[in-house]
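> The following block contains the structure, expressed as structure tokens.
Each value in this text was obtained by applying a stated rule to the coordinates, not by laboratory testing. These figures come from a predicted structure and were not determined experimentally. Cβ: placed from backbone, ideal geometry, glycine included. Neighbour counts: every protein chain shown.
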Amino acid sequence: MMRSLRPARARNQPMLRRLALAALAVVTAAACAAEPQAQAGGLPASPAAAQSSDIRHVIPAPDSVGPQPARFEWTPVQGAESYTLRVWNDVDVNMLSATGLTTTAVDVPAEPKLPLGTYFWAVMAMRGDRPLAESGMAAFVVMQ
């Protein structure tokens, strides 16, 4: 009985391919998980996204439930020249947008009132036209 001789490299190619594909899948999954995601409402993903803990939502508190907030307030970021505030409803419609804010609080006019529902808000600290830090989104629910 004659046996075909193949070089060892040829015999191991299917196994090497599977290992290479598995390694590629692991690297791709890790890279995708580490990549900042764009946020709804036009706040772009940026290197500042990694600094999201620099801005904390103060008023309304994250996951708060109650009447329409009378103001939005957040913690300051060292070196920020201005802030951008965005508020979206639960179907991603921009309900409030303010740019060029030089303080860490904005009073909200009583009228027009936000309809009952769930909302999300985020703040971006800016230095010139460059994002410095982002808060990430926080939810609040208007019930009254």
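> Return a yes/no flag: does the stretch 111-134 have any residue that is free of Cβ contacts under 8 Å to residues at least 24 places away in the same chain and under 17 Å from the mean Cα position of the chain (by Cα).
Yes, the conditions are met somewhere in the stretch 111-134.
> Of the numbered conditions (1) within 15 Å of ILE59 (Cβ to Cβ); (2) under 17 Å from the mean Cα position of the chain (by Cα), THR104 fails exactly one; give the number of that condition.
Every condition holds for THR104 apart from (2).
> When you check MET124 against the structure, is it surrounded by 14 or more Cβ atoms within 10 Å (Cβ to Cβ), among the aliphatic types (A, V, I, L, M) and touching a strand residue (DSSP E or B) at 6+ places or on another chain (Cβ under 9 Å), yes or no?
Values: surrounded by 14 or more Cβ atoms within 10 Å (Cβ to Cβ): yes; among the aliphatic types (A, V, I, L, M): yes; touching a strand residue (DSSP E or B) at 6+ places or on another chain (Cβ under 9 Å): yes.
For MET124, the condition - surrounded by 14 or more Cβ atoms within 10 Å (Cβ to Cβ), among the aliphatic types (A, V, I, L, M) and touching a strand residue (DSSP E or B) at 6+ places or on another chain (Cβ under 9 Å) - is met.
> Go through the stretch 105-144 and report how many residues are polar (S, T, N, Q) and out of contact with any Asp or Glu (no Cβ under 6 Å at 6 or more places or on another chain).
Number of matching residues: 2.
> Hey, another quick one. Would you be able to say whether some residue in the stretch 126-138 is of a type outside the set (Lys, Arg), in contact with a Gly (Cβ under 7 Å, 6 or more places away or on another chain) and farther than 14 Å from HIS57 by Cβ? Step through it out loud before you land on a result.
Quick first cut of the stretch 126-138, residues of a type outside the set (Lys, Arg) only: 126, 128-129, 131-138.
Now restrict to residues that are in contact with a Gly (Cβ under 7 Å, 6 or more places away or on another chain): 132.
When the remaining residues are screened for being farther than 14 Å from HIS57 by Cβ, the result is 132.
Looking through the stretch 126-138, at least one residue is of a type outside the set (Lys, Arg), in contact with a Gly (Cβ under 7 Å, 6 or more places away or on another chain) and farther than 14 Å from HIS57 by Cβ.
> Being under 13 Å from SER135 (Cα atoms) and either loosely packed, with under 11 Cβ neighbours inside 10 Å or not aromatic (Phe, Trp, Tyr) (or both) narrows it down to one of THR103, THR75, so name that one. If you could, list the steps in order and put the result at the bottom.
On the way: THR103 fails: under 13 Å from SER135 (Cα atoms).
Step by step, each of THR103, THR75 is checked, and only THR75 is under 13 Å from SER135 (Cα atoms) and either loosely packed, with under 11 Cβ neighbours inside 10 Å or not aromatic (Phe, Trp, Tyr) (or both).
> Another question, if that's okay. When you scan the stretch 127-144, how many residues do you find that are of a type in the set (D, E, K, R) and surrounded by 14 or more Cβ atoms within 10 Å (Cβ to Cβ)?
2
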